[in-house]
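The structure appears below as structure tokens.
The values are calculated or read from the model by the stated rules, or taken from the named source; none is laboratory data. Just so it is clear, the model here is predicted, and its values are computed rather than measured. Backbone-built Cβ (ideal geometry, glycine too); neighbour counts: all protein chains shown.
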Amino acid sequence: MSLFAQEMADVKILDKKSLYLGKKGEQVDFLARKQAAVVSAEIDSNHLSVDYVEQVNPNDELSYKKEGVQDGVFKRLRQGKYAIEARLDLHRNTVNQAREQVYEFVQDCMNNDIRIAVIVHGKGDRTPDKPATLKSYINKWLRELDDIIAFHSAQRHHGGYGAVYIMLRKSAEAKLDNWEQQQKR
């Protein structure tokens with residue numbers, strides 16, 4: 001006890017005026033913060049999630065087609081026989097960066113009437129702890145996008161299992177142009 005009393009000998013008792021229990025600085029307007037968060041959530045129309053994803057292996061083939069896509073059309077896509085009109089390379093991107101880029105890329109393709117594109121995601125075989133993470137997310141996201149009607153792993157000369165061909169639906173204008181061309185025949 002005497003050692004304790006010795007150590008505490010120069011300690012002074014604080015009066016209530018010198019005691020400060022509040023935060024320093026200006027008061028925070030929590031209502032304004034909440035409204036700003038709601039507005040920023042409304043601005044982001046990107047519905048692609050980075051939640052759970054079913055992992056695919058680096059050498060797995062990705063393949064998907066919506067109902068209504070003709071078998072012959074899908075076969076030509078699978079074989080890489082359509083001209084590639086746009087390309088997106090996602091190498092060295094994080095999942096969040098890729099999410100934003102894929103969404104914007106598909107929107108840009110639709111705005112420019114692009115029907116066939118390729119997304120290079122990489123195989124993901126160089127990271128043994130998390131193989132094919134980006135490839136797995138691409139497989140999930142492309143299925144979630146309404147504008148994508150089919151996709152398939154690319155041919156070797158376009159990136160092989162590290163890339164995917166995507167087929168986008170026709171815009172209303174492209175459908176009308178196609179209909180008019182068919183009527184002239």
Exercise for the section: Would you please name the residue that is surrounded by the most Cβ atoms within 10 Å (Cβ to Cβ), looking only at residues in the stretch 86-105 that are on the phi < 0 side of the Ramachandran plot and assigned to a loop (DSSP other than H, G, I, E, B)? Expected result: L90
Exercise for the section: Evaluate the stretch 140-163: report whether one residue or more is of a type in the set (F, W, Y) and more than 23 Å from S45 (Cβ to Cβ). Expected result: yes
Exercise for the section: Given the conditions (1) over 25 Å from K170 (Cβ atoms); (2) surrounded by 20 or more Cβ atoms within 10 Å (Cβ to Cβ); (3) in contact with an Asp or Glu (Cβ under 9 Å, 6 or more places away or on another chain), report the number of the one that I119 does not fulfil. Expected result: (1)
Practice task
Identify all residues within the stretch 124-157 that are more than 13 Å from Y103 (Cα to Cα) and surrounded by fewer than 19 Cβ atoms within 10 Å (Cβ to Cβ); write none if there are none.
Solution key: D125, R126, T127, P128, D129, K130, P131, Q155, R156, H157
Problem - Selected residue (only one of D125, D113, D108 is without any contact (Cβ under 8 Å) to a residue 40 or more places away in the chain, outside any strand (DSSP E or B) and acidic (D, E)) - result: D108
Practice task
Answer yes if at least one residue in the stretch 128-144 is more than 20 Å from V53 (Cβ to Cβ), at pLDDT 90 or above and among the acidic types (D, E), and no otherwise.
Solution key: no
Practice task
Taking D177 as the residue in question, decide whether it is without any contact (Cβ under 8 Å) to a residue 12 or more places away in the chain, in a helix (DSSP H, G or I) and out of contact with any Asp or Glu (no Cβ under 7 Å at 6 or more places or on another chain).
Solution key: yes
Practice task
Taking K130 as the residue in question, decide whether it is in contact with a Pro (Cβ under 9 Å, 6 or more places away or on another chain) and more than 23 Å from S171 (Cβ to Cβ).
Solution key: no
Fill in the blank from the handout: Note: among L14, L48, L19, just one is modelled with pLDDT under 95 and touching a helix residue (DSSP H, G or I) at 6+ places or on another chain (Cβ under 6 Å), namely L48
Exercise for the section: Inspect the stretch 172-181 for any residue being aromatic (F, W, Y) and modelled with pLDDT of 95 or more and give the result as yes or no. Expected result: no
